[in-house]
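Input: a single structure, listed below in structure tokens.
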Amino acid sequence: MIRLARGDDLPRLQDIERAAGEAFRALGMDRIADDEPFTVDELSAYLAGARAWVFVDGLDFPVAYLLADVVDGNVHVEQVSVHPEQAHQGLGRELLHAARVWARGHGMQQQTLSTFRDVPWNAPYYRRLGFKELDAASWGPELSRLMQHEAELGLTRWPRVAMHRPVVPPQ
């Protein structure tokens, strides 16, 4: 089941992020694995904006989550993480769909994200879900700033891409 995140979920979201990040070690991306998750204060801003969703188990315990921003008038997936014990069950796909439905209800046209181009559970996964790469010439000003910020953080040490898909699936 998917629901909006609550304040008491926030420490669990941090735990999910840390656990999910461990998979990057196998690719030699220890810096990514070691990156600290958002702080409780940062996560609280997503709660306040009703832009944080959790996938919960039968006991209402979060096992995956998605955070969304509005970037250039589109819903932008800031973070989607699934606890490794729950991986490969479609939870990320369901969370992406929930954000897409939210965006449709808010009159948005596109769902965007930035991700690692060559990490199997990043860009190749999103391509399978219908996302396409956006070339830099088509980035809006906010997405351009976001991609520049990622470069300043050193994330482009590994190739990154911006991707998008329509909020309303093609018929």
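Against the list (1) on the phi > 0 side of the Ramachandran plot; (2) modelled with pLDDT under 95; (3) not hydroxyl-bearing (Ser, Thr, Tyr), the condition Asp72 fails is (2). All of Asp35, Asp41, Asp30 fail the test of being farther than 22 Å from Arg100 by Cα and surrounded by 14 or more Cβ atoms within 10 Å (Cβ to Cβ), apart from Asp35.
When Arg31, Arg12, Arg6 are checked against the criterion of being over 28 Å from Pro120 (Cβ atoms) and either in contact (Cβ under 8 Å) with a residue 24 or more places away in the chain or among the polar types (S, T, N, Q) (or both), Arg6 stands alone in meeting it.
Of all residues in region 97-115, those that are on the phi < 0 side of the Ramachandran plot and either in a helix (DSSP H, G or I) or without any contact (Cβ under 8 Å) to a residue 40 or more places away in the chain (or both) total 10. When region 122-154 is filtered for residues that are touching a residue at least 60 places away in the same chain (Cβ under 8 Å), assigned to a helix (DSSP H, G or I) and in contact with a strand residue (DSSP E or B) (Cβ under 8 Å, 6 or more places away or on another chain), the ones remaining, listed by number, are Glu142, Leu143, Leu146.
Which members of region 155-165 meet the condition of being in a strand (DSSP E or B) and either more than 16 Å from Asn122 (Cβ to Cβ) or not small (Gly, Ala, Ser) (or both)? Step through it out loud before you land on a result.
Pass one, region 155-165, residues in a strand (DSSP E or B): 160-165.
Once the filter is applied, which keeps residues that are in a strand (DSSP E or B) and either more than 16 Å from Asn122 (Cβ to Cβ) or not small (Gly, Ala, Ser) (or both), region 155-165 yields Arg160, Val161, Met163, His164, Arg165.
Taking the conditions exactly as written (within 21 Å of Glu22 (Cα to Cα) and touching a Leu at 6+ places or on another chain (Cβ under 9 Å)), does Tyr125 satisfy them or not?
Values: within 21 Å of Glu22 (Cα to Cα): yes; touching a Leu at 6+ places or on another chain (Cβ under 9 Å): no.
Here the answer is no, as Tyr125 does not meet what is asked.
Within region 64-79, being surrounded by fewer than 22 Cβ atoms within 10 Å (Cβ to Cβ) and within 17 Å of Ser44 (Cα to Cα) holds for Asp69, Val70, Glu78, Gln79.
The values are calculated or read from the model by the stated rules, or taken from the named source; none is laboratory data. None of these values were measured; they are calculated from a predicted model. Here Cβ is always computed from backbone atoms with ideal geometry, including for glycine, and neighbour counts include all displayed protein chains.
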